[in-house]
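K.L.:
Pasting a structure below so you can have a look.
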Amino acid sequence: MIIVMQRQATPEQVDTVVQYIRSCGLQEHLSRGAELTIIGAIGDENKLDLAHLEILPGVERATRIAKQYKIVARDTNPQGTIVNVRGLPIGGPQIQIIGGPCSVETQEQMDLAAEAVAAAGCSMMRGGAFKPRTSPYAFQGLGVTGLEYFQKAAKRHNLPIVTELMDVRMLDTFMKHDVDVIQIGARNMQNFDLLKEVGRVNKPVILKRGLSATISEWLMAAEYIAAGGNHNIIFCERGIRTFETAYRNVLDVTAIPVIKRETHLPVIVDPSHAGGKAWMVPALSQAAVAAGADGLLIEMHPNPADAWCDADQALNPGELKSLVTTLSAIAQAIGRHI
Ligand code: PEP
Ligand code: MN
């Protein structure tokens, strides 16, 4: 940590800061310039209370140097981590495409969806049984029945399933139904109790970026999961809220290389909730793969016009299949494959 003293700080005030640094088990490094005194605190800066330092007389400001996140930081595993989902690697040369409807509706819809997902060449399937809806009067998902429909449909094609956990009280049910990947939705990215609980299980977790979350908040949310012992975390960029209203969210393509540089964990992209319209999904998916995404989470419905949720952004089976073909070519051009 670096502590910058005010210009008029007295030697006694400097000494008070030094004594505080020592009392926390760190060492001070004083740099006295003609105008300013700067104190470096050497050691584990987590032992220092930044707020306490900043209210000490004579202190102008204190700044942390070390990153707040440790386990998810790239330094922990510089070569990168591959998260294994029932034998399928996320984070290696293979790009995993996860397709499926926004929500689980009926057994027939899920059967048709699973068939289309497999036929398109996707390796995993998505579908929400518990839906975070803006309106309490909108369809909230089928709940446990939805998990049953989903498992039944996906099993036939040996597709691992990805589904959202909204409430910590449902975690046991998710484990019992052998959900392969637990999705933490954008609205729950900072539900710290939920993050702590999924940190205690060993299922892979897709951590979506919050609607207005900074990169640093997103990384700290992942650190919550990792701190509990679960290091199988997959970041998912799904668009952020900005001043722009012409589309649902702005896909932050920049976040892909940034997250990959900051962490050793894989990053996938959800182009559907970013653009909010089916016609934007191919362009955004192509950009994501070109920018280094390790996978995509794409909404597809057997008959989009009939979808109970997010009908506007769902691809149909044919559109998903042709998109995967295009993405394959992009993947190959950058030394990867689908
Ligand atoms: C979803 O993937 O079903 C979903 C609700 O996404 P998000 O949390 O990103 O809005
Ligand atoms: Mn959706």
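K.L.:
List the DSSP H helices in the chain whose Cα atoms stretch 15 Å or more along the helix axis and whose mean Kyte-Doolittle hydropathy is at least 1.6. Don't jump to the answer; show the numbers that get you there.
P.N.:
Working: long enough: 11-23 (18 Å, -0.45); 107-120 (19 Å, 0.23); 144-155 (16 Å, -0.23); 215-227 (18 Å, 0.92); 317-333 (25 Å, 0.56).
In the chain, no H run is both long and hydrophobic enough.
K.L.:
Also: Kindly write out, for the range 156-167 in residue order, the coupling ³J(HN,Hα) from the Karplus curve 6.51 cos²θ - 1.76 cosθ + 1.60 (θ = phi - 60°), rounded to whole Hz, with x marking Gly and Pro.
P.N.:
3J(HN,Hα) across the range 156-167, in whole Hz: 4, 10, 6, 9, x, 10, 10, 8, 7, 9, 9, 10.
K.L.:
Structure shown: which of 176/277; 152/208; 152/277 lie over 32 Å apart, alpha-carbon to alpha-carbon?
P.N.:
Working: 176/277 35 Å; 152/208 26 Å; 152/277 29 Å.
Correct reply: 176/277.
K.L.:
Suppose each label sits 7 Å from its Cα in the direction of the beta carbon; what would the residue 216-residue 277 distance come out to in nanometres?
P.N.:
Each label point is offset 7 Å from its Cα along the Cβ direction, giving 3.6 nm.
K.L.:
Quick one: which of 290-301, 175-186 comes out on top by average Cβ neighbours within 10 Å, and what's the full order, highest first? If you can, show how the numbers build up before the last one.
P.N.:
Numbers: 290-301: 25.6, 175-186: 20.1.
In descending order of packing, they fall as 290-301, 175-186.
K.L.:
Under 5 Å between amide hydrogens, which residues at least 5 positions from residue 240 or on another chain qualify, with H placed 1.01 Å from N in the peptide plane?
P.N.:
250, 251, 252
K.L.:
Shifting gears a bit: Under the classification rounded if a/c is under 1.5, otherwise prolate if a/b is larger than b/c and oblate if not, where does the range 242-338 fall, given a ≥ b ≥ c as square roots of the Cα gyration tensor eigenvalues?
P.N.:
Taking the square roots of the gyration eigenvalues as a ≥ b ≥ c, the range 242-338 is oblate.
K.L.:
Further question: Which of the trypsin sites (Lys or Arg not before Pro) found in the range 121-161 are loop residues per DSSP with 15 or fewer other Cβ atoms within 10 Å of their Cβ? Intermediate values should be presented prior to the final figure.
P.N.:
Numbers: sites: 126, 133, 152, 155, 156; in loops: 133, 156.
Here the sparse-neighbourhood loop sites are 133, 156.
K.L.:
Right, something else. Which residues among the range 117-134 fall inside the zone where the amide N is under 20 Å from a point 7 Å beyond the Cα of residue 326, along Cα→Cβ?
P.N.:
Only 117-123 pass the distance filter.
K.L.:
Name the cysteines of the chain that stand alone by the Cβ rule: no other cysteine Cβ under 4.7 angstrom.
P.N.:
24, 122, 236
K.L.:
May I pose another question? Which of the three applies to the range 119-271, rounded, prolate or oblate, going by the alpha-carbon gyration tensor with a ≥ b ≥ c and a/c under 1.5 meaning rounded?
P.N.:
rounded
K.L.:
Now for a different question. Taking 0.36 nm per residue of separation and subtracting the Cα-Cα distance, what length does fully extending residue 23 through residue 168 add?
P.N.:
In short, 48.2 nm is gained.
K.L.:
How about residue 321: which lysines have a C-alpha closer than 17 Å to its C-alpha, ignoring those fewer than 8 places off in the same chain?
P.N.:
Correct list for residue 321: empty, as no lysines qualify.
K.L.:
Next up: What nm value, rounded to one decimal, do you get for the distance between residue 67 and residue 135 when each label is placed 7 Å out toward the C-beta?
P.N.:
4.3 nm
K.L.:
What are the lysines whose alpha-carbon lies under 19 Å from the alpha-carbon of residue 47, with same-chain residues fewer than 8 places away excluded?
P.N.:
Answer for residue 47, where 19 Å is the Cα cut-off: 67, 70, listed by chain and number.
K.L.:
From the square roots a ≥ b ≥ c of the eigenvalues of the alpha-carbon gyration tensor of the chain, which class results: rounded (a/c under 1.5), prolate (a/b over b/c), or oblate?
P.N.:
prolate
K.L.:
Of the peptides 157-170, 29-42, 77-90, how do they stack up when ordered by the mean number of other Cβ atoms within 10 Å, highest first?
P.N.:
157-170, 77-90, 29-42
K.L.:
What is the extension gain from residue 187 to residue 242, computed as 0.36 nm multiplied by their sequence separation minus the C-alpha to C-alpha distance, in nm to one decimal?
P.N.:
Values: separation 55, 0.36 × 55 = 19.80 nm, distance 1.59 nm.
Full-extension gain reported as 18.2 nm.
K.L.:
Something else about it: Please give, to one decimal in nm, the separation of the simple spin-label points placed at residue 303 and residue 4, each 7 Å out from Cα toward the Cβ.
P.N.:
6.5 nm
K.L.:
Further question: Where does the chain land at 222 nm, in deg cm²/dmol rounded to the nearest 500, when only DSSP H runs of n ≥ 4 count, each adding -39500 (n - 2.57), divided by all residues?
P.N.:
Estimated from H runs of four or more residues: -9500 deg cm²/dmol.
Taken together, the values in this text are just the output of simple stated rules run on the coordinates, not laboratory data. Predicted model only: the values in this text are computed from it and were never measured. Positions of Cβ are generated from backbone atoms using ideal geometry, with glycine treated the same way; all protein chains shown enter the neighbour counts.
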